[in-house]
1. Quick one: residue 252 ticks every box in (1) within 30 Å of residue 161 (Cβ to Cβ); (2) surrounded by 15 or more Cβ atoms within 10 Å (Cβ to Cβ); (3) modelled with pLDDT of 90 or more; (4) out of contact with any helix residue (DSSP H, G or I) (no Cβ under 6 Å at 6 or more places or on another chain) except a single one, so which number is it?
2. Determine which member of the set 15, 34 is touching an Asp or Glu at 6+ places or on another chain (Cβ under 7 Å) and at pLDDT 75 or above.
3. Which of the numbered conditions does residue 224 fail, given that it passes all the others? Conditions: (1) over 23 Å from residue 130 (Cα atoms); (2) in contact (Cβ under 8 Å) with a residue 60 or more places away in the chain.
4. Provide a single number: the residues in segment 113-125 that are surrounded by fewer than 16 Cβ atoms within 10 Å (Cβ to Cβ) and assigned to a loop (DSSP other than H, G, I, E, B).
5. Of all residues being within 19 Å of residue 266 (Cα to Cα) and of a type outside the set (Lys, Arg) in segment 288-299, which is surrounded by the fewest Cβ atoms within 10 Å (Cβ to Cβ)? Just the residue, please.
6. With respect to residue 220, determine if the residue is modelled with pLDDT under 95 and under 23 Å from residue 306 (Cα atoms).
7. Right, residue 302: at pLDDT 90 or above and small (Gly, Ala, Ser) or not?
8. Do we find that residue 259 is in a loop (DSSP other than H, G, I, E, B) and modelled with pLDDT under 90 in this structure?
Amino acid sequence: MSLTNRQYDTIMRGYDHRQYRNYRIQCARREEIYKKLPRIQKVEEEISSCSLSHTEQILSLQETDPDNAHPEILTGLRRKLDALRQEKETLLGDAGYPADYLDMPYTCPDCQDTGYIGSRKCHCFLQEEIRLLYSSSRLEHVLSEENFSTLSYDVYDEEQQVLMPSVIHMCRSFVDTFGDGQQNLYFYGPVGTGKTFLSNCIAKALLDRHRSVIYFTAFQFFELFSLSDRKSSSEDAFAHEALLESDLLILDDIGTELANTFTVSKLFQVLNERALRKRSTILSTNLPLMDFRDIYSERIFSRITSSYTLVKFCGSDIRIRKKLSRSS
């Protein structure tokens with residue numbers, strides 16, 4: 001399941017489109033600003049000229065006297081550059097524009113819309129790879145409706161009204177602090193109490209921040225391994241690299257699949273490898289804690305209780321209440 005040449009070319013064409021679109025945005029902004037604030041055009045020309053002189057001076061000094069950096073010779077150029085940049089920011093700020101308004105508006109600042117950081121694939125490339133390899137576009141059909149902006153406390157019953165604010169706050173905090181260190185969540189509780197909805201809220205928020213997210217139901221997850229085990233080892237390695245490298249993996253409805261030694265070993269393998277790579281995971285299950293332990297082994301249960309934040313859901317089935325309210 002590695003990318004075909006055609007799939008790779010599709011992704012790279014997407015980056016070409018991004019770069020051209022963002023270049024056009026930058027050109028339009030420059031035209032706008034130069035008309036309103038003509039002094040800025042002069043300042044930018046002076047910055048360019050001064051930067052060139054600065055570079056030429058450094059190269060000249062390295063050739064003539066490589067053992068002495070002569071910092072005093074370059075001080076005047078640096079001060080002039082700093083003054084010009086400050087003037088530019090001041091002019092923009094006084095006119096109500098952000099200081100970086102004329103910079104290239106990258107869709108992904110980390111890789112500057114190239115898809116790579118050095119020789120390593122950027123997380124935004126990985127997300128496109130995930131979308132193609134694992135058809136994770138299934139998320140796109142629900143995230144427009146299931147996200148923090150559409151979240152409503154009205155769907156919860158009285159018991160949930162008391163407990164859910166702290167759960168939702170924890171989920172928002174998970175997003176806000178994502179990347180500060182490995183974080184994992186374990187959602188457990190009865191069917192229909194909002195576990196999948198909040199998983200989707202987190203997924204949407206992180207995708208909007210250009211993080212790579214992959215979502216599987218338990219059945220889809222183990223079916224993927226079942227199919228790939230029939231292929232060669234090299235194909236299998238390609239198939240699971242994105243799965244192991246994504247910033248966030250969401251495994252929903254764990255426990256609904258037919259559990260056996262195969263599923264237990266594969267689950268431990270993925271959780272363990274992602275932990276070693278310091279990648280975050282969200283597990284969601286309808287099983288009580290002790291039932292999960294009995295099915296998936298003490299080894300997996302111990303890993304979860306020691307390195308996951310356990311989040312309990314409770315109350316009645318939201319979907320059933322909604323259906324009853326519509327029919328009444």
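The values are calculated or read from the model by the stated rules, or taken from the named source; none is laboratory data. Being a predicted model, the structure only gives us computed values, none of them experimental. No Cβ is skipped: glycine too gets one built from the backbone with ideal geometry, and neighbour counts run over all protein chains shown.
1. Result: residue 252 fails condition (4) only.
2. 15
3. Evaluating residue 224 over (1) over 23 Å from residue 130 (Cα atoms); (2) in contact (Cβ under 8 Å) with a residue 60 or more places away in the chain leaves (1) as the failure.
4. Summing the residues that are surrounded by fewer than 16 Cβ atoms within 10 Å (Cβ to Cβ) and assigned to a loop (DSSP other than H, G, I, E, B) in segment 113-125 gives 2.
5. Going through the qualifying residues, I end up with 298.
6. Taking the combined requirement at face value, the residue does not satisfy it.
7. On the way: at pLDDT 90 or above: yes; small (Gly, Ala, Ser): yes.
Yes; evaluated as a whole, the condition is true for this residue.
8. Judged against the criteria, residue 259 is a match.
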